[in-house]
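Visitor: Pasting a structure here, questions to come.
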Amino acid sequence: RSPHQQPLQPYFHFLRSLFSSYTMAILRSWTLLLFASLVASSSVRESQAFSHRLVVPSRTLRPTPFSINQRYGRRRQDRVFREHKALSVPFSGPPADPKNAWADIMNPHISSETNHGDNITTVDKVVVAGAGVATAFFLYAVIFLAAPGAWRYFAAGGICAATSHAIPTPIDVVKTRKQVDPELMDVSFVAAASKIVKDDGMGALWAGLGPTAVGYLFEGAVKFGTYEILKPFFKRVLAGLASVTSLSFFKSQILSFVLCGAAAGVAASIMLCPMEAIRIRMVSEHEYADGGWLKAGYKILKSEGVEGLCKGMNPMVLKQVPYTVTKNVSFDVLTKSFYAILKAQGVALSAATMFVVPLLSAALASILSTVTSQPGDMVLSLVNAHKGDRKSSEIFRSILHSPRGIAGFFVGFKTRLLHVGVTVTIQLMVYDYVKRLCGIAATGTC
(Lines give C-alpha, C1' and ligand atoms only; values in the text may rest on other atoms or scores of the structure.)
Protein backbone atom coordinates (compact mmCIF):
# COMPACT_ATOMS: atom_id res chain seq x y z
CA ARG A 1 0.00 0.00 0.00
CA SER A 2 1.30 3.44 -0.94
CA PRO A 3 2.27 5.74 1.91
CA HIS A 4 0.04 8.42 0.36
CA GLN A 5 -3.02 6.27 1.09
CA GLN A 6 -2.36 5.92 4.81
CA PRO A 7 -3.78 9.32 5.91
CA LEU A 8 -7.13 8.47 4.25
CA GLN A 9 -7.61 5.18 6.07
CA PRO A 10 -9.06 6.69 9.32
CA TYR A 11 -11.65 8.61 7.31
CA PHE A 12 -12.78 5.50 5.42
CA HIS A 13 -13.01 3.62 8.72
CA PHE A 14 -15.04 6.47 10.21
CA LEU A 15 -17.56 6.38 7.33
CA ARG A 16 -17.94 2.59 7.56
CA SER A 17 -18.50 2.81 11.29
CA LEU A 18 -21.03 5.60 10.88
CA PHE A 19 -23.14 3.72 8.34
CA SER A 20 -23.05 0.55 10.40
CA SER A 21 -23.93 2.24 13.69
CA TYR A 22 -27.23 2.69 15.45
CA THR A 23 -27.66 6.03 13.71
CA MET A 24 -28.54 4.57 10.34
CA ALA A 25 -30.69 1.92 11.98
CA ILE A 26 -32.83 4.61 13.62
CA LEU A 27 -33.08 6.64 10.43
CA ARG A 28 -34.13 3.58 8.44
CA SER A 29 -36.72 2.58 11.04
CA TRP A 30 -38.36 5.98 11.18
CA THR A 31 -38.35 6.25 7.38
CA LEU A 32 -40.14 2.92 7.06
CA LEU A 33 -42.67 3.87 9.75
CA LEU A 34 -43.39 7.21 8.10
CA PHE A 35 -43.80 5.59 4.67
CA ALA A 36 -46.14 2.93 6.06
CA SER A 37 -48.32 5.53 7.80
CA LEU A 38 -48.55 7.61 4.63
CA VAL A 39 -49.58 4.59 2.53
CA ALA A 40 -52.17 3.47 5.09
CA SER A 41 -53.69 6.94 5.44
CA SER A 42 -53.85 7.39 1.66
CA SER A 43 -55.61 4.03 1.26
CA VAL A 44 -58.20 4.93 3.90
CA ARG A 45 -58.90 8.27 2.27
CA GLU A 46 -59.33 6.74 -1.19
CA SER A 47 -61.67 4.02 0.09
CA GLN A 48 -63.78 6.61 1.94
CA ALA A 49 -64.03 8.78 -1.16
CA PHE A 50 -65.03 5.80 -3.33
CA SER A 51 -67.68 4.69 -0.83
CA HIS A 52 -69.19 8.17 -0.87
CA ARG A 53 -69.37 8.02 -4.65
CA LEU A 54 -71.07 4.63 -4.59
CA VAL A 55 -73.56 4.99 -1.74
CA VAL A 56 -75.39 8.30 -1.98
CA PRO A 57 -79.13 8.64 -1.26
CA SER A 58 -81.48 10.36 -3.66
CA ARG A 59 -80.61 13.85 -2.50
CA THR A 60 -77.99 16.41 -3.26
CA LEU A 61 -75.03 16.43 -0.93
CA ARG A 62 -74.82 20.21 -1.02
CA PRO A 63 -77.92 22.23 -1.99
CA THR A 64 -77.17 24.73 -4.75
CA PRO A 65 -79.41 26.88 -7.00
CA PHE A 66 -79.03 24.85 -10.20
CA SER A 67 -81.32 25.11 -13.20
CA ILE A 68 -82.23 21.67 -14.54
CA ASN A 69 -81.99 20.91 -18.22
CA GLN A 70 -82.90 17.34 -19.19
CA ARG A 71 -80.76 17.36 -22.33
CA TYR A 72 -77.56 18.89 -20.99
CA GLY A 73 -77.84 18.04 -17.32
CA ARG A 74 -77.50 20.74 -14.65
CA ARG A 75 -75.99 24.08 -15.47
CA ARG A 76 -74.41 26.73 -13.29
CA GLN A 77 -72.30 29.70 -14.34
CA ASP A 78 -72.15 28.46 -17.95
CA ARG A 79 -70.56 25.18 -16.81
CA VAL A 80 -72.30 21.87 -17.39
CA PHE A 81 -72.17 19.12 -14.75
CA ARG A 82 -73.59 15.74 -15.74
CA GLU A 83 -74.75 12.91 -13.52
CA HIS A 84 -72.65 9.79 -13.48
CA LYS A 85 -75.03 7.32 -15.15
CA ALA A 86 -72.90 4.24 -14.45
CA LEU A 87 -73.02 4.67 -10.68
CA SER A 88 -76.43 6.42 -10.60
CA VAL A 89 -75.08 9.09 -8.26
CA PRO A 90 -77.19 12.25 -8.13
CA PHE A 91 -75.40 15.48 -8.85
CA SER A 92 -74.04 17.30 -5.82
CA GLY A 93 -72.74 20.51 -7.27
CA PRO A 94 -69.34 21.66 -8.49
CA PRO A 95 -66.14 20.77 -6.63
CA ALA A 96 -65.75 22.66 -3.38
CA ASP A 97 -63.14 25.38 -3.18
CA PRO A 98 -60.14 23.82 -1.37
CA LYS A 99 -59.33 27.07 0.41
CA ASN A 100 -62.89 27.54 1.68
CA ALA A 101 -63.10 23.89 2.73
CA TRP A 102 -59.89 24.25 4.71
CA ALA A 103 -61.12 27.49 6.26
CA ASP A 104 -64.16 25.60 7.56
CA ILE A 105 -61.84 23.11 9.26
CA MET A 106 -59.76 25.87 10.84
CA ASN A 107 -62.66 28.04 11.96
CA PRO A 108 -65.95 26.10 11.96
CA HIS A 109 -67.83 28.82 13.91
CA ILE A 110 -69.09 26.26 16.42
CA SER A 111 -69.69 27.49 19.93
CA SER A 112 -70.88 25.43 22.85
CA GLU A 113 -70.65 26.40 26.50
CA THR A 114 -70.34 23.77 29.19
CA ASN A 115 -70.67 26.29 32.01
CA HIS A 116 -73.48 28.81 31.69
CA GLY A 117 -72.83 30.60 34.97
CA ASP A 118 -70.87 33.75 35.59
CA ASN A 119 -68.47 32.05 38.01
CA ILE A 120 -66.45 28.85 38.09
CA THR A 121 -68.54 25.97 39.37
CA THR A 122 -67.75 24.15 42.58
CA VAL A 123 -66.97 20.97 40.68
CA ASP A 124 -64.41 22.76 38.54
CA LYS A 125 -62.82 24.32 41.62
CA VAL A 126 -62.50 20.90 43.25
CA VAL A 127 -61.02 19.40 40.09
CA VAL A 128 -58.44 22.17 39.72
CA ALA A 129 -57.45 21.99 43.40
CA GLY A 130 -57.24 18.19 43.23
CA ALA A 131 -55.07 18.37 40.13
CA GLY A 132 -52.68 20.75 41.88
CA VAL A 133 -52.40 18.52 44.95
CA ALA A 134 -51.94 15.41 42.80
CA THR A 135 -49.19 17.11 40.78
CA ALA A 136 -47.31 18.17 43.91
CA PHE A 137 -47.65 14.70 45.43
CA PHE A 138 -46.48 13.03 42.22
CA LEU A 139 -43.38 15.21 41.96
CA TYR A 140 -42.56 14.64 45.64
CA ALA A 141 -43.02 10.87 45.37
CA VAL A 142 -41.02 10.50 42.17
CA ILE A 143 -38.12 12.74 43.17
CA PHE A 144 -37.63 11.67 46.78
CA LEU A 145 -38.56 8.01 46.47
CA ALA A 146 -36.36 7.43 43.43
CA ALA A 147 -32.63 6.78 43.52
CA PRO A 148 -30.50 9.35 45.39
CA GLY A 149 -29.65 12.30 43.18
CA ALA A 150 -32.62 11.80 40.84
CA TRP A 151 -33.72 15.39 41.52
CA ARG A 152 -30.86 16.55 39.30
CA TYR A 153 -32.57 15.10 36.21
CA PHE A 154 -35.79 16.92 37.09
CA ALA A 155 -33.97 20.20 37.70
CA ALA A 156 -31.97 19.97 34.48
CA GLY A 157 -35.08 19.03 32.48
CA GLY A 158 -37.20 21.86 33.87
CA ILE A 159 -34.51 24.50 33.31
CA CYS A 160 -33.69 23.42 29.76
CA ALA A 161 -37.34 23.07 28.66
CA ALA A 162 -38.52 26.40 30.09
CA THR A 163 -35.51 28.26 28.64
CA SER A 164 -35.57 26.65 25.20
CA HIS A 165 -39.31 27.11 24.69
CA ALA A 166 -39.44 30.69 25.98
CA ILE A 167 -36.68 32.01 23.71
CA PRO A 168 -38.33 31.20 20.32
CA THR A 169 -41.85 32.23 21.42
CA PRO A 170 -42.31 34.58 18.39
CA ILE A 171 -41.61 31.68 16.03
CA ASP A 172 -44.11 29.54 17.91
CA VAL A 173 -46.74 32.29 17.64
CA VAL A 174 -46.29 32.55 13.86
CA LYS A 175 -46.45 28.75 13.56
CA THR A 176 -49.69 28.54 15.52
CA ARG A 177 -51.29 31.41 13.59
CA LYS A 178 -50.41 29.73 10.30
CA GLN A 179 -52.13 26.57 11.52
CA VAL A 180 -55.37 28.22 12.72
CA ASP A 181 -55.70 31.31 10.47
CA PRO A 182 -56.77 30.63 6.84
CA GLU A 183 -55.29 33.95 5.70
CA LEU A 184 -51.79 32.99 6.87
CA MET A 185 -51.61 29.27 6.12
CA ASP A 186 -50.13 29.60 2.62
CA VAL A 187 -47.85 32.60 3.09
CA SER A 188 -44.20 32.54 4.07
CA PHE A 189 -42.91 32.87 7.61
CA VAL A 190 -41.70 36.44 7.02
CA ALA A 191 -44.98 37.50 5.41
CA ALA A 192 -47.03 35.94 8.22
CA ALA A 193 -44.91 37.60 10.91
CA SER A 194 -45.14 40.96 9.14
CA LYS A 195 -48.93 40.75 8.93
CA ILE A 196 -49.23 39.81 12.61
CA VAL A 197 -47.07 42.77 13.63
CA LYS A 198 -48.94 45.13 11.30
CA ASP A 199 -52.39 44.07 12.50
CA ASP A 200 -51.79 43.37 16.19
CA GLY A 201 -48.52 45.04 17.10
CA MET A 202 -45.12 43.71 18.13
CA GLY A 203 -46.48 42.42 21.44
CA ALA A 204 -48.60 39.85 19.61
CA LEU A 205 -45.45 37.87 18.81
CA TRP A 206 -44.96 37.26 22.54
CA ALA A 207 -48.52 36.13 23.25
CA GLY A 208 -48.58 33.04 25.44
CA LEU A 209 -45.10 33.53 26.89
CA GLY A 210 -46.37 33.00 30.46
CA PRO A 211 -48.07 29.62 29.97
CA THR A 212 -45.19 28.55 27.73
CA ALA A 213 -42.52 29.16 30.40
CA VAL A 214 -44.57 27.79 33.32
CA GLY A 215 -46.00 24.85 31.39
CA TYR A 216 -42.70 23.67 29.99
CA LEU A 217 -40.97 24.14 33.33
CA PHE A 218 -43.12 21.33 34.75
CA GLU A 219 -43.31 19.43 31.47
CA GLY A 220 -39.54 19.34 31.05
CA ALA A 221 -38.94 18.36 34.66
CA VAL A 222 -41.39 15.46 34.46
CA LYS A 223 -40.36 14.36 30.97
CA PHE A 224 -36.61 14.27 31.40
CA GLY A 225 -36.77 13.10 35.01
CA THR A 226 -39.19 10.27 34.28
CA TYR A 227 -37.21 9.26 31.21
CA GLU A 228 -33.96 8.95 33.14
CA ILE A 229 -35.22 7.25 36.30
CA LEU A 230 -37.20 4.65 34.34
CA LYS A 231 -34.14 3.39 32.45
CA PRO A 232 -33.03 0.93 35.18
CA PHE A 233 -36.62 -0.25 35.68
CA PHE A 234 -37.28 -1.09 32.03
CA LYS A 235 -33.82 -2.57 31.71
CA ARG A 236 -34.62 -5.06 34.49
CA VAL A 237 -38.08 -5.79 33.06
CA LEU A 238 -36.75 -6.46 29.58
CA ALA A 239 -33.91 -8.58 30.96
CA GLY A 240 -36.48 -10.71 32.79
CA LEU A 241 -38.55 -11.08 29.62
CA ALA A 242 -35.44 -12.03 27.65
CA SER A 243 -34.55 -14.75 30.16
CA VAL A 244 -38.11 -16.12 30.19
CA THR A 245 -38.76 -16.05 26.44
CA SER A 246 -35.16 -16.57 25.27
CA LEU A 247 -35.66 -13.73 22.78
CA SER A 248 -32.64 -11.50 22.29
CA PHE A 249 -34.98 -8.77 21.04
CA PHE A 250 -35.81 -7.82 24.62
CA LYS A 251 -32.12 -7.16 25.35
CA SER A 252 -32.15 -4.18 22.98
CA GLN A 253 -31.13 -0.96 24.65
CA ILE A 254 -33.05 1.05 22.07
CA LEU A 255 -36.28 -0.77 23.04
CA SER A 256 -35.68 0.19 26.66
CA PHE A 257 -35.17 3.82 25.64
CA VAL A 258 -38.35 3.80 23.53
CA LEU A 259 -40.46 2.51 26.44
CA CYS A 260 -38.97 5.14 28.75
CA GLY A 261 -39.69 7.85 26.17
CA ALA A 262 -43.30 6.71 25.72
CA ALA A 263 -43.96 6.73 29.46
CA ALA A 264 -42.28 10.13 29.83
CA GLY A 265 -44.32 11.49 26.90
CA VAL A 266 -47.62 10.51 28.52
CA ALA A 267 -46.59 12.04 31.86
CA ALA A 268 -45.46 15.23 30.11
CA SER A 269 -48.77 15.47 28.22
CA ILE A 270 -50.72 15.51 31.48
CA MET A 271 -48.55 18.30 32.85
CA LEU A 272 -48.58 20.44 29.72
CA CYS A 273 -52.14 20.09 28.38
CA PRO A 274 -53.86 22.91 30.38
CA MET A 275 -51.07 25.42 29.80
CA GLU A 276 -50.92 24.61 26.10
CA ALA A 277 -54.67 25.17 25.83
CA ILE A 278 -54.26 28.63 27.38
CA ARG A 279 -51.31 29.46 25.13
CA ILE A 280 -53.05 28.49 21.90
CA ARG A 281 -56.22 30.37 22.85
CA MET A 282 -54.20 33.51 23.66
CA VAL A 283 -52.48 33.31 20.28
CA SER A 284 -55.58 32.59 18.18
CA GLU A 285 -58.09 34.93 19.89
CA HIS A 286 -56.93 38.41 20.90
CA GLU A 287 -59.48 38.95 23.67
CA TYR A 288 -57.88 36.13 25.65
CA ALA A 289 -54.44 37.75 25.43
CA ASP A 290 -55.55 40.89 27.27
CA GLY A 291 -54.87 40.77 30.99
CA GLY A 292 -52.30 37.97 31.12
CA TRP A 293 -52.42 34.21 31.01
CA LEU A 294 -53.99 33.75 34.46
CA LYS A 295 -56.98 35.81 33.37
CA ALA A 296 -57.15 33.85 30.12
CA GLY A 297 -57.24 30.57 32.02
CA TYR A 298 -59.91 31.95 34.35
CA LYS A 299 -62.00 33.01 31.35
CA ILE A 300 -61.75 29.53 29.81
CA LEU A 301 -62.78 27.95 33.12
CA LYS A 302 -65.81 30.24 33.40
CA SER A 303 -67.07 29.68 29.87
CA GLU A 304 -66.10 26.05 29.22
CA GLY A 305 -65.15 24.52 32.54
CA VAL A 306 -62.27 22.13 33.08
CA GLU A 307 -63.13 20.46 29.78
CA GLY A 308 -61.91 23.58 27.98
CA LEU A 309 -58.44 23.10 29.43
CA CYS A 310 -58.28 19.34 28.88
CA LYS A 311 -60.06 18.80 25.57
CA GLY A 312 -56.72 18.65 23.77
CA MET A 313 -55.42 15.68 25.79
CA ASN A 314 -55.72 13.15 22.95
CA PRO A 315 -53.82 15.20 20.36
CA MET A 316 -51.37 16.22 23.08
CA VAL A 317 -50.50 12.55 23.67
CA LEU A 318 -50.40 12.01 19.89
CA LYS A 319 -47.86 14.82 19.71
CA GLN A 320 -45.83 14.33 22.89
CA VAL A 321 -45.25 10.57 22.78
CA PRO A 322 -43.59 10.41 19.32
CA TYR A 323 -41.91 13.75 20.01
CA THR A 324 -40.39 12.57 23.29
CA VAL A 325 -39.46 9.13 22.00
CA THR A 326 -37.80 10.50 18.88
CA LYS A 327 -36.04 13.39 20.59
CA ASN A 328 -34.71 11.66 23.70
CA VAL A 329 -33.94 8.29 22.14
CA SER A 330 -32.29 9.81 19.08
CA PHE A 331 -30.18 12.11 21.24
CA ASP A 332 -29.08 9.23 23.45
CA VAL A 333 -28.24 6.90 20.58
CA LEU A 334 -26.63 9.53 18.38
CA THR A 335 -24.34 10.89 21.09
CA LYS A 336 -23.36 7.38 22.15
CA SER A 337 -22.62 6.41 18.53
CA PHE A 338 -20.58 9.53 17.81
CA TYR A 339 -18.54 9.20 21.00
CA ALA A 340 -17.91 5.49 20.25
CA ILE A 341 -16.69 6.32 16.75
CA LEU A 342 -14.38 9.07 18.03
CA LYS A 343 -12.98 6.82 20.74
CA ALA A 344 -12.35 4.10 18.19
CA GLN A 345 -10.38 6.60 16.12
CA GLY A 346 -8.33 7.60 19.15
CA VAL A 347 -9.77 11.13 19.35
CA ALA A 348 -9.57 12.68 22.81
CA LEU A 349 -12.80 13.97 24.33
CA SER A 350 -11.80 17.62 24.57
CA ALA A 351 -14.07 20.55 25.42
CA ALA A 352 -14.61 21.23 21.72
CA THR A 353 -15.61 17.61 21.12
CA MET A 354 -18.00 17.66 24.07
CA PHE A 355 -19.66 20.69 22.47
CA VAL A 356 -19.81 19.58 18.83
CA VAL A 357 -21.16 16.07 19.46
CA PRO A 358 -24.22 17.16 21.50
CA LEU A 359 -24.83 20.03 19.08
CA LEU A 360 -24.86 17.77 16.03
CA SER A 361 -26.91 15.10 17.80
CA ALA A 362 -29.46 17.67 19.03
CA ALA A 363 -29.85 19.16 15.55
CA LEU A 364 -30.54 15.74 14.01
CA ALA A 365 -32.92 14.83 16.85
CA SER A 366 -34.87 18.07 16.29
CA ILE A 367 -35.51 17.20 12.64
CA LEU A 368 -36.73 13.69 13.46
CA SER A 369 -38.95 14.85 16.32
CA THR A 370 -40.53 17.55 14.15
CA VAL A 371 -41.60 15.05 11.50
CA THR A 372 -43.03 12.47 13.90
CA SER A 373 -44.99 14.95 16.04
CA GLN A 374 -46.32 17.30 13.33
CA PRO A 375 -49.77 15.65 12.86
CA GLY A 376 -50.47 15.73 16.59
CA ASP A 377 -49.35 19.35 16.83
CA MET A 378 -51.63 20.37 13.96
CA VAL A 379 -54.70 18.72 15.52
CA LEU A 380 -53.81 20.15 18.94
CA SER A 381 -53.75 23.71 17.57
CA LEU A 382 -57.14 23.30 15.91
CA VAL A 383 -58.73 21.73 18.99
CA ASN A 384 -57.68 24.54 21.32
CA ALA A 385 -57.88 27.49 18.91
CA HIS A 386 -61.53 28.34 19.53
CA LYS A 387 -64.33 27.63 21.96
CA GLY A 388 -66.29 24.56 20.98
CA ASP A 389 -66.80 20.88 21.57
CA ARG A 390 -65.16 19.47 18.46
CA LYS A 391 -63.39 16.21 19.17
CA SER A 392 -59.87 15.58 17.98
CA SER A 393 -61.04 12.51 16.03
CA GLU A 394 -63.48 14.67 14.06
CA ILE A 395 -60.76 17.16 13.20
CA PHE A 396 -58.42 14.32 12.22
CA ARG A 397 -61.01 12.88 9.82
CA SER A 398 -61.86 16.32 8.45
CA ILE A 399 -58.22 16.98 7.60
CA LEU A 400 -57.76 13.52 6.12
CA HIS A 401 -60.83 13.86 3.86
CA SER A 402 -60.14 17.48 2.92
CA PRO A 403 -58.77 18.45 -0.50
CA ARG A 404 -55.31 18.70 1.08
CA GLY A 405 -55.41 15.15 2.41
CA ILE A 406 -52.34 14.08 4.36
CA ALA A 407 -50.63 17.35 3.45
CA GLY A 408 -53.18 19.06 5.70
CA PHE A 409 -51.39 17.69 8.74
CA PHE A 410 -48.22 19.51 7.65
CA VAL A 411 -49.60 23.04 7.39
CA GLY A 412 -46.97 25.32 8.91
CA PHE A 413 -44.38 22.53 8.85
CA LYS A 414 -41.51 24.75 7.67
CA THR A 415 -42.17 27.28 10.41
CA ARG A 416 -42.48 24.52 13.00
CA LEU A 417 -39.25 22.94 11.74
CA LEU A 418 -37.53 26.25 12.44
CA HIS A 419 -39.19 26.52 15.85
CA VAL A 420 -38.51 22.94 16.95
CA GLY A 421 -35.01 23.05 15.47
CA VAL A 422 -34.11 26.04 17.63
CA THR A 423 -36.01 24.75 20.66
CA VAL A 424 -34.72 21.19 20.73
CA THR A 425 -31.13 22.14 19.93
CA ILE A 426 -31.03 24.68 22.76
CA GLN A 427 -32.94 22.35 25.07
CA LEU A 428 -30.69 19.32 24.68
CA MET A 429 -27.52 21.41 24.82
CA VAL A 430 -28.65 23.11 28.04
CA TYR A 431 -29.81 19.77 29.47
CA ASP A 432 -26.45 18.15 28.79
CA TYR A 433 -24.58 21.13 30.27
CA VAL A 434 -26.73 21.39 33.41
CA LYS A 435 -26.37 17.66 33.98
CA ARG A 436 -22.60 18.03 33.98
CA LEU A 437 -22.85 20.97 36.38
CA CYS A 438 -24.86 18.73 38.71
CA GLY A 439 -22.20 16.03 38.59
CA ILE A 440 -23.85 13.71 36.04
CA ALA A 441 -21.87 12.36 33.11
CA ALA A 442 -22.55 13.83 29.68
CA THR A 443 -25.16 12.04 27.60
CA GLY A 444 -23.67 9.19 25.59
CA THR A 445 -20.37 8.95 27.48
CA CYS A 446 -21.38 6.09 29.78
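Visitor: Alpha carbon centre of region 211-285 versus region 307-378: separation in Å?
Guide: About 13 Å separates the Cα centre of region 211-285 from the one of region 307-378.
Visitor: Here is a follow-up. What distance in nm separates the simple spin-label points at Ser393 and Leu145, each placed 7 Å from Cα in the Cβ direction?
Guide: Taking the simple label geometry, Ser393 and Leu145 are separated by 3.4 nm.
Visitor: Residues with beta-carbon under 14 Å from that of Leu255, excluding Leu255: net charge, scoring Lys, Arg +1 and Asp, Glu -1?
Guide: +3
Visitor: Over region 214-305, one equal point on each Cα, no solvent: what is log10 I(q)/I(0) by the Debye formula at q = 0.10, 0.18 Å⁻¹?
Guide: Summing over Cα pairs of region 214-305 leads to -0.43, -0.79.
Visitor: Per residue, how much space in cubic angstrom lies within the convex hull of the C-alpha atoms of region 332-446?
Guide: 138
Visitor: Any idea of Arg404's accessible area? Nearest 10 Å², probe 1.4 Å.
Guide: The value for Arg404 is about 80 Å².
Visitor: Another one. Under a plain spin-label model, where a point goes 7 Å from the Cα along Cα-to-Cβ, how far apart in nm are Phe138 and Ala442?
Guide: The two pseudo-label positions are separated by 3.4 nm.
Visitor: Which three lengths, in whole Å and largest first, does region 369-414 cover when its Cα atoms are put on their principal axes?
Guide: Largest to smallest, the principal-axis extents are 28, 22, 14 Å.
Visitor: Calculate the translational D of region 181-226 in whole µm² s⁻¹ from Stokes-Einstein, where the hydrodynamic radius comes from the Kirkwood formula applied to all Cα pairs, the temperature is 10 °C and the viscosity 1.306 mPa s.
Guide: 125
Visitor: Which whole-number value in Å³ per residue fits the convex hull of the alpha carbons of region 117-187?
Guide: Taking only Cα atoms, region 117-187 has a hull volume of 150 Å³ per residue.
Visitor: Using 1/(1 + (r/R0)^6) with R0 = 60 angstrom and r between the beta carbons of Tyr298 and Thr245, what's the FRET efficiency to the nearest 0.05? Can you show the working numbers first?
Guide: Numbers: r = 53 Å, r/R0 = 0.88.
Computed FRET efficiency for Tyr298 and Thr245 comes out at 0.70.
Visitor: Which pairs, out of Lys299/Lys327; Lys251/Lys414; Lys175/Lys311; Lys175/Lys299, put more than 31 Å between their alpha-carbon atoms? Each step should come with its number before you reach the end.
Guide: Details: Lys299/Lys327 34 Å; Lys251/Lys414 38 Å; Lys175/Lys311 21 Å; Lys175/Lys299 24 Å.
Cα-Cα > 31 Å for Lys299/Lys327; Lys251/Lys414; rest within.
Visitor: Let me check something: with ligands and nucleic acids excluded, how do His386, His401 order by accessible area (1.4 Å probe), largest to smallest?
Guide: In descending accessible area the options line up as His401, His386.
Visitor: Identify the chymotrypsin sites (Phe, Trp or Tyr not before Pro) of region 365-436 meeting these criteria: DSSP loop state and at most 16 other C-beta atoms within 10 Å of the C-beta.
Guide: none
Visitor: Moving on. For q = 0.11, 0.22 Å⁻¹, what log10 I(q)/I(0) does region 145-255 give under the Debye formula with an equal point scatterer on each alpha carbon and no solvent?
Guide: Those come out to -0.58, -1.07, one per q.
Visitor: A follow-up question, please. Where does each of 276-284, 329-337 land if you order them by average Cβ count within 10 Å, highest first? Walk me through the numbers on the way to the answer.
Guide: Values: 276-284: 27.2, 329-337: 23.8.
Packing proxy ranking, top to bottom: 276-284, 329-337.
The values are calculated or read from the model by the stated rules, or taken from the named source; none is laboratory data. It should be emphasised that the depicted structure is a prediction, and the values quoted were computed from it without experimental measurement. Heads up, the Cβs are rebuilt from the backbone with ideal geometry, glycines too, and the neighbour counts pull from every protein chain shown. Ligands, DNA and RNA are stripped out before the accessible areas are found, and what is left, the full protein with its side chains, is counted by its heavy atoms. Shrake-Rupley method; radii C 1.70, N 1.55, O 1.52, S 1.80 Å.
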